[in-house]
Structure formats: C-alpha cells, structure tokens
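All of the numbers you see were taken from the coordinates with simple rules; none came from a lab. The shown structure was predicted, so the numbers you read here are calculated from the model rather than taken from an experiment. Cβ atoms come from the backbone with ideal geometry, glycine included; neighbour counts cover every protein chain shown.
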Amino acid sequence: MFGAILWTMSETAVKIQNVSVTLGKHFEALRNVNVELPVGKVVGFIGPSGAGKTTLMRSIVGRQKLHQGKITIFGNPAGTSKLRDQISYMTQEPSVYTDLTVRENLVYFATVFGVPKHEVAKAVDDILQTVDLTPQSSQLVEDVSGGQKQRVSLAIALIGRPKLMVLDEPTVGLDPVLRDQLWNLFRKLAQQGTTLIISSHVMDEAERCEDLLLIRDGKILAHASPKDICKQTATSSVEQAFLKLVGKQ
Amino acid sequence: MSLRKILATMRRVLRQLSHDHRSMAMIILIPVILLTLLKYVFNDKPQMFNGVAPLLLGIFPLFMMFLVTSITTLRERRSGTLDRLMTYPMAKLDLVFGYALAFSIVGFVQALVTTGLTLGLLDVVIMGGTLPILITAVLAAFLGTSLGLFVSAFARNEFQAVQLVMPILMPQVLLCGLFVARDQMARPLELLSDVFPLTYSVDAMRQAAMNPTWTGDLTRNMLIVLGCGIAALILGSITIRRQET
C-alpha cells in the first residue's frame with residue numbers, strides 16, 4: 001500500500017521545461033519556467049494579475065505558442081490532438097453562449113467533447129446538480145446572474161470527466177457558501193485522480209490548494225505545499241510568504 | 001471530421017438564432033418588404049420589375065447571411081467559446097461546416113418565403129420554374145455564409161464587421177449586371193465582374209428566369225457559386241487558429 005502511495009506521488013501530470021513566452025513584441029509573459037505538477041492534486045497558480053498565470057494556463061492547454069521550451073502532459077506534448085479529450089479549460093471570462101439556455105450550452109459542449117449520445121442527457125443532469133444550476137437549466141445564459149454564468153462555464157469544464165482540468169479563476173466573485181461547495185468538489189475530483197490547476201489572485205484561496213505555484217513577472221517564486229511555503233519563509237500565511245518572497249527579489 | 005459534431009454545431013447555431021426572435025423575423029421579412037417596395041417603385045413598368053426581381057433573389061440571401069455569419073463568428077472568436085472549442089476534440093471543419101449548414105437552412109427558408117411572395121403575389125413570371133431559383137438562393141446563402149466567416153477574421157469588433165459589407169459586397173452588386181449589363185461595361189470592369197462570385201449567383205438567377213429549360217450555363221453558374229463558397233469556407237477555417245502566437 002505504501003508503495004502504491006509512493007507511485008501516485010511520483011506520477012507527473014504536467015511537465016514544464018524551460019518555457020518562455022513573449023506576448024506582442026516585447027512583453028515577456030513567461031520567463032524560463034520549469035515545473036512538474038503531480039497527478040491527482042489541486043494545484044494553485046497564485047499571483048497578482050498580470051503575473052503570467054493565464055499565459056501559463058493557455059500554454060498548458062495548448063492554445064499558446066511557446067517561444068522556447070516544452071510542455072508535456074501525461075507524456076504527450078501540450079496541444080496534441082491526443083490530449084484533447086483528456087483536458088478541459090475554463091477561461092477567466094465565462095466562455096459560454098449567452099444566447100443559448102444553460103442546458104443547451106452543456107449539451108452542445110458534451111456532444112463536441114464526444115460524450116456518447118445516450119449518455120449526454122444524464123451527464124448534463126448530473127453536472128447541473130453538481131454546480132447547483134438545475135433550477136436555471138432552461139433559462140438563457142444572458143438572463144442569469146454573473147455568478148451563475150461563471151458556474152455554467154465551470155460546468156462545461158466538468159463535462160466528460162477530463163483527467164486534467166485547467167480553471168482560470170473559477171471561484172472569483174462567488175459567494176462564500178458556493179465557493180466552499182466548489183472547493184469540496186475540487187478536492188473530491190482530485191481524490192478520484194483528476195489533476196486540477198486553479199488560478200487565483202486571492203491569497204486565502206491558496207491555503208485550500210495541496211500544491212502551490214507562486215507566480216510573479218512570468219517567473220515561479222516558489223513551488224511547494226502551502227504549509228511548506230510558510231515554513232520555508234518562516235511566515236504564518238501564504239499571503240505573508242508571498243510578500244516576503246517578493247521583497248527578497 | 002465527424003458528422004455528429006457538424007450536426008451538433010448546426011443545431012446549436014440554429015438554436016441561437018431561434019432564441020433571437022427579432023433577428024429571425026428580420027432575416028425572413030426584410031427581403032419580402034424590400035421586394036414589395038420595389039414592386040411599387042416600378043408601378044407602371046411591371047416588365048422591368050419582372051427583370052430585376054429574380055436577380056435580387058440572388059443577392060438578398062448572400063447579403064443577409066454574410067452579415068449574420070460575420071457577426072456570429074466574430075462573437076465566437078471574441079467571447080472565448082472558440083478558445084474553448086479549440087481545446088476540444090473537434091476538427092476546425094466540423095465547426096465551419098456546422099455554420100455553413102445552419103445558415104444555408106436559414107437561407108432556404110428565406111428563399112421559400114421570398115420566392116413564394118415574388119411569384120405568387122407580386123406577379124413575377126419565371127420561365128425556368130421555382131426549383132433553380134430555390135437552389136440558387138440556397139447557394140447564394142451558402143456563399144454569403146462562407147464569405148462572412150472568412151471576413152470575420154479581419155474584423156476586431158462588430159462595428160468593423162458590419163462596415164466590411166461595403167467594400168466587400170457593394171462592388172460586387174454594382175458590377176453584377178443589375179444596373180448595366182456586364183458586356184456593356186468598360187472592359188476592365190467587365191473583367192473585374194468576372195472574378196466576383198456574386199456575379200454568378202445573379203447570372204444563375206437570370207438564366208433561371210429567362211430560359212424555360214435548364215441550361216448548361218445555369219449549371220455552370222451554380223457550380224461556380226458553390227465552388228467559391230467552399231473555397232471561402234476552407235480559407236475561413238484556416239483563419240481559425242488552434243494555437244496563438
């Protein structure tokens with residue numbers, strides 16, 4: 001049993017080697033990033049806005065061209081077609097069809113993801129329940145609240161039980177109760193073997209992650225569990241640790 | 001490519017439109033209203049109206065589908081949904097064909113209503129019957145969709161997309177033979193009209209209106225419109241990028 005634990009711990013979901021990305025002509029969004037992310041963990045990308053979190057996420061899902069280095073996901077280069085039914089990506093702005101109902105959105109994305117026809121209805125029902133949107137299912141997305149839109153976008157990322165979920169600020173702007181529910185969901189998914197990458201610029205969310213990447217100016221300041229990061233910096237919260245690390249630079 | 005994903009995209013686009021009652025009403029009714037208006041413009045010259053109306057049936061679907069598609073696909077590009085779809089196991093052509101199919105169907109419905117009105121109530125006589133008219137109208141709608149999809153890549157916002165109608169479609173309308181027969185225009189203009197796809201859609205309508213039999217020219221014109229549509233569609237799919245720099 002001990003061996004099994006060691007094995008899962010050593011398995012790598014995402015391997016990022018010497019990755020640099022320049023946006024536009026001069027903006028170095030990522031500077032020589034080297035990181036390995038384990039399977040089955042909730043990994044937090046924490047840093048101020050403009051730090052490079054979104055660029056790193058886009059690079060992982062294969063939407064961003066790398067100017068240097070490489071990213072491997074479950075052993076395959078990021079962006080290859082083989083990976084497309086294994087990962088899901090939730091962008092920061094809710095990327096949903098506002099002129100469709102909540103359910104129509106989910107049905108479409110489920111079909112495109114390749115969920116078998118006879119399973120689509122059930123899968124959509126389950127996900128609606130998970131994100132607490134069953135009562136809104138036949139409303140047009142443009143008529144639901146901002147937080148609900150956000151959840152529709154998250155619901156789409158849950159479709160098809162992808163092995164890697166990349167979620168850009170999924171809980172920002174949600175009420176505390178719902179936020180707590182979603183974090184429980186993220187932990188549950190991780191326990192079942194899903195790897196989750198979650199970005200946030202809110203430091204208290206960092207404490208909820210099992211593994212943390214502190215990002216600033218396109219560089220990784222620290223990579224460890226919240227506990228270890230606090231220990232290494234002799235601080236009592238991730239926020240303090242972050243400030244201390246930034247000060248040291 | 002996957003037929004299931006093409007059809008899912010087609011259904012999705014049609015649903016989006018169907019939730020927007022006002023747009024649907026405008027797509028179907030505006031050509032009807034314009035044609036009726038024109039009928040009264042040519043009040044004492046029914047002969048002339050009879051000559052012009054069929055040609056407009058080849059222009060309206062192209063115009064309207066161009067507008068609707070360029071805005072819809074621009075929204076798709078800018079709202080993040082395209083970002084999302086490009087990380088999905090979906091071929092770019094699945095998306096593009098889904099769009100083309102959806103708007104061709106809308107074009108067909110529009111053509112049914114417009115043709116029905118033109119032939120039934122506005123007393124326009126078409127020698128070749130309704131079938132070639134309907135086919136040409138659907139092909140024109142398809143061409144409009146493909147051009148709109150392609151052109152949306154060059155617009156950064158809806159304002160630009162709408163304005164692109166003027167430089168891209170208006171010259172084609174001016175030169176297509178609606179105002180002055182093409183062989184009576186200056187040679188350079190005639191040559192220019194030869195490379196404009198709209199010309200062939202209008203020519204096909206003219207063939208269908210004037211010849212009681214299905215001519216080889218009619219088939220040729222239809223195939224050119226179809227071919228240009230397919231080419232624009234493929235170009236459009238190339239403008240969709242899996243990966244951004």
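Among the trypsin sites (Lys or Arg not before Pro) in the range B:130-233, which ones are in a DSSP loop with at most 12 other Cβ atoms within 10 Å of the Cβ? Mind listing them? Please list the in-between numbers first.
Working: sites: B:ARG156, B:ARG182, B:ARG206, B:ARG220; in loops: B:ARG156.
Those satisfying the criteria are B:ARG156.
Please average, across the residues of B:9-15, the number of beta carbons from any other chain that are within 10 Å of each residue's own beta carbon, and give a whole number. Each step should come with its number before you reach the end.
On the way: counts 3, 0, 4, 9, 3, 0, 8.
That average works out to 4.
Return the distance in nm (one decimal) between the two label points of a simple spin-label model at A:GLN17 and B:THR36, each offset 7 Å from Cα along Cα→Cβ.
Reported label-point gap for A:GLN17 and B:THR36 is 7.0 nm.
Per the helix-only calculation at 222 nm, which mean residue ellipticity applies to the protein assembly as shown, given -39500 (n - 2.57) for every DSSP H run of n ≥ 4 and division by its residues, nearest 500 deg cm²/dmol? Provide the component values of the computation, followed by the final result.
Details: 20 runs with 287 residues, N = 494.
Using -39500 (n - 2.57) per qualifying helix, the result is -19000 deg cm²/dmol.
Which percent, nearest 5, of DSSP beta bridges in chain A are antiparallel? Please report the intermediate quantities before stating the final value.
On the way: 21 of 39 bridges.
Percentage antiparallel, nearest 5: 55.
What angle do you read, to the nearest 10 degrees and between 0 and 90, between the alpha-carbon axis of helix B:21-41 and the longest principal axis of chain B?
Approximately 20 degrees, to the nearest 10.
Rounded to whole Å, give me the distance from the Cα center of the range A:70-89 to that of the range A:181-249.
If we compute the Cα centre of each part, the gap is 24 Å.
Using mean Cβ contacts within 10 Å as the protection proxy, how do A:154-165, B:18-29, B:93-104, B:76-87 order, highest first? Write out the running numbers ahead of the final one.
Working: A:154-165: 22.0, B:18-29: 13.9, B:93-104: 23.8, B:76-87: 20.0.
Ranking the peptides A:154-165, B:18-29, B:93-104, B:76-87 by packing returns B:93-104, A:154-165, B:76-87, B:18-29.
Taking the Cβ of B:ALA102 as the center, what net charge do the other residues with Cβ under 9 Å away carry, scoring Lys and Arg +1 and Asp and Glu -1? List each step's numbers first, then the result.
Numbers: positive: B:ARG11, B:ARG12; negative: none.
In short, +2.
Determine the relative contact order of the range B:122-202: mean sequence separation of Cα pairs under 8 Å and six or more apart, normalised by residue count, in whole percent. All intermediate terms of the calculation are to be shown ahead of the outcome.
On the way: 35 pairs, mean separation 23.3, N = 81.
Reported relative contact order: 29 percent.
Tell me, how many Å apart are the Cα centres for the range B:13-85 and for the range B:133-206?
14
Per residue of A:61-74, what is the mean number of Cβ atoms on other protein chains within 10 angstrom of that residue's Cβ?
Details: counts 4, 4, 8, 3, 5, 2, 1, 0, 0, 0, 0, 0, 0, 0.
The shielding value for this peptide is 2.
Mean separation of Cα pairs under 8 Å and 6+ residues apart, divided by the residue count of chain A: what relative contact order is that in percent? Could the numbers behind the result be given before it?
Numbers: 452 pairs, mean separation 62.9, N = 249.
That works out to 25 percent.
Counting DSSP beta bridges with both partners in the protein assembly as shown, what percentage is antiparallel, nearest 5?
50
Which whole number gives the average count of other chain Cβ atoms within 10 Å of the Cβ atoms across peptide A:110-118? Write down the numbers at each step before the final one.
On the way: counts 1, 9, 14, 5, 6, 0, 0, 2, 0.
The mean count of partner-chain Cβ atoms within 10 Å per residue comes to 4.
Over 29 Å between Cα atoms, which of A:LYS117/A:LYS149; A:LYS163/B:LYS92; A:LYS149/A:LYS231; A:LYS149/A:LYS244; A:LYS53/A:LYS122 qualify?
On the way: A:LYS117/A:LYS149 25 Å; A:LYS163/B:LYS92 23 Å; A:LYS149/A:LYS231 38 Å; A:LYS149/A:LYS244 36 Å; A:LYS53/A:LYS122 34 Å.
Checking Cα-Cα distances, A:LYS149/A:LYS231; A:LYS149/A:LYS244; A:LYS53/A:LYS122 exceed 29 Å.
Using the Cβ atoms and a cut-off under 9 Å, what net charge is assigned to the surroundings of A:VAL39, where Lys and Arg are +1 and Asp and Glu are -1?
Numbers: positive: A:LYS41, A:LYS163; negative: A:GLU11.
Around A:VAL39, the surrounding residues sum to +1.
Taking a cut-off of 20 Å between Cα atoms, list the aspartates and glutamates near B:LYS5, but don't count ones fewer than 8 places away on the same chain.
Hits, sequence-local ones excluded: A:ASP85, A:ASP99, A:GLU104, A:GLU119, B:GLU76, B:ASP83, B:ASP94.
Compute the relative contact order of the range B:3-239 as a whole-number percentage, counting only Cα pairs closer than 8 Å that sit 6 or more residues apart in sequence.
Working: 319 pairs, mean separation 67.2, N = 237.
Normalised by residue count, the contact order of the range B:3-239 is 28 percent.
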